[in-house]
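Accompanying notes for the structure given below.
The values are calculated or read from the model by the stated rules, or taken from the named source; none is laboratory data. The structure displayed is predicted, hence computed values, not measured ones. Cβ: placed from backbone, ideal geometry, glycine included. Neighbour counts: every protein chain shown. These area figures cover heavy atoms from the full protein model, side chains too; ligands, DNA and RNA do not enter into them. Shrake-Rupley method; radii C 1.70, N 1.55, O 1.52, S 1.80 Å.
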Amino acid sequence: DRRTWGKRTMTEVLEKSINTGAVFAEQQLGSELFLKYLEKFGFFTKTDIELQGEVFSQNKEFKKGYEINFATAAFGQGIEITPVQLIRAFSALANGGQLVKPHLIKKIIDRNGQSQKISPEIPDNIISPRTSSQVVSIMTSVIENGFGKKAKIPGYFVAGKTGTAQIPLAGHYDPNKTVASFIGFAPADKPKLKRTGMLPPLI
């Protein structure tokens with residue numbers, strides 16, 4: 001994107017997916033605190049969801065601390081995460097700042113027919129409810145006024161964010177293809193429906 005955006009608010013940064021705005025926000029936060037928040041949102045640990053063989057990246061290259069790595073991670077390109085990690089982190093915004101462990105099963109029934117419910121763990125408060133509310137408000141504007149307009153649902157406010165990622169090849173990125181994604185929840189003020197999706201590479 002070679003457009004010149006000029007001065008923009010953080011709401012506009014998310015509405016229009018302005019990478020330079022995300023980098024500016026990371027620089028204002030500082031690399032040390034930025035890294036701390038990535039850890040709090042669970043991007044460096046697996047979720048322990050009830051699924052065999054869950055993998056995750058330790059992001060060793062990113063953690064080397066080069067300025068370019070922090071800059072690209074600010075807009076999502078320079079960090080390796082799984083869709084389940086993304087859902088867990090994004091759900092914390094919908095949960096008022098509480099990071100909750102995801103589950104695939106509701107209860108276990110043994111051979112005798114006895115059922116055992118999966119007890120939810122005590123969630124981690126990783127950001128304040130006020131901060132969470134502010135970010136949700138911005139993501140609602142992404143759907144109302146930004147690039148996420150196709151996710152609108154009549155009669156409801158939807159919070160969400162679009163994504164576009166380059167496809168890495170050996171030593172460089174594919175110049176002709178990208179992967180488009182979307183993640184969101186509704187109603188924005190009292191989430192009942194959460195959705196994430198990934199589209200095939202766009203040529």
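Some points to look at:
- Annotation: amide H of D174 within the under-5 Å range of I167, L169, sequence separation 5 or more or interchain, hydrogens built in the peptide plane.
- Calculated FRET value between L33 and I153, using beta carbons and R₀ = 35 Å, to 0.05: 0.50
- Think of each Lys and Arg Cβ as +1 and each Asp and Glu Cβ as -1; about the Cα centre, that makes the dipole of the chain roughly 560 debye.
- For segment 1-129, the residue among T47, G96, I126 whose Cα projects farthest onto the positive side of the dipole built from Cβ charges is G96.
- One decimal place: the segment Q116-Y66 gains 13.2 nm when fully extended, by the rule 0.36 nm per residue minus the C-alpha distance.
- Solvent-accessible area per residue, Å², over segment 58-103 with all protein chains present [probe radius 1.4 Å]: 51 Å²
- Distances between placed amide hydrogens fall under 5 Å for I127 paired with no residue 5 or more residues away or on another chain.
- For segment 65-132, a simple Cβ point-charge model (Lys and Arg +1, Asp and Glu -1, everything else neutral) yields a dipole of about 440 debye relative to the Cα centre.
- In Hz, Karplus ³J(HN,Hα) per residue of segment 101-118 (6.51, -1.76, 1.60; θ = phi - 60°; x = Gly, Pro): 5, x, 9, 9, 10, 8, 7, 10, 10, 7, 5, 8, x, 7, 9, 10, 6, 7
- Listed values for segment 58-64 are Karplus-derived 3J(HN,Hα) couplings in whole Hz (6.51 cos²θ - 1.76 cosθ + 1.60, θ = phi - 60°), namely 7, 6, 4, 5, 4, 6, 5, and x replaces Gly and Pro.
- Straight-distance candidates among the lysines for linking to K46, with alpha-carbon spacing under 21 Å and chain neighbours fewer than 8 residues away dropped: K36, K60, K63, K64, K101, K106, K194.
- Relative contact order of segment 28-117, pairs being alpha-carbon contacts under 8 Å that are 6 or more residues apart, as %: 27 percent
- By the helix-only formula, in which each DSSP H run with n ≥ 4 contributes -39500 (n - 2.57) and the sum is divided by residues, the chain has a 222 nm mean residue ellipticity of -9500 deg cm²/dmol.
- Per residue, segment 133-174 exposes 62 Å² of solvent-accessible protein surface, assessed with a 1.4 angstrom probe and all protein chains in place.
- 3J(HN,Hα) from dihedral phi, segment 5-18, Karplus parametrisation 6.51/-1.76/1.60, rounded to Hz, x for glycine, proline: 8, x, 6, 9, 7, 5, 4, 5, 4, 6, 4, 10, 6, 8
- Surface composition of segment 1-155: carbon plus sulfur atoms contribute 53% of the solvent-accessible area (1.4 Å probe, protein chains only, all chains present).
- By a 1.4 Å probe calculation restricted to protein chains, Y37 has an accessible surface near 80 Å², given to the nearest 10.
- Surface accessible to a 1.4 Å probe, per residue, for the residues of segment 1-46, Å²: 69 Å²
- Calculated FRET value between K190 and S57, using beta carbons and R₀ = 25 Å, to 0.05: 0.15
- Stretch gain in nm, segment K106-L169, where the contour uses 0.36 nm per residue and the Cα spacing is subtracted: 18.7 nm
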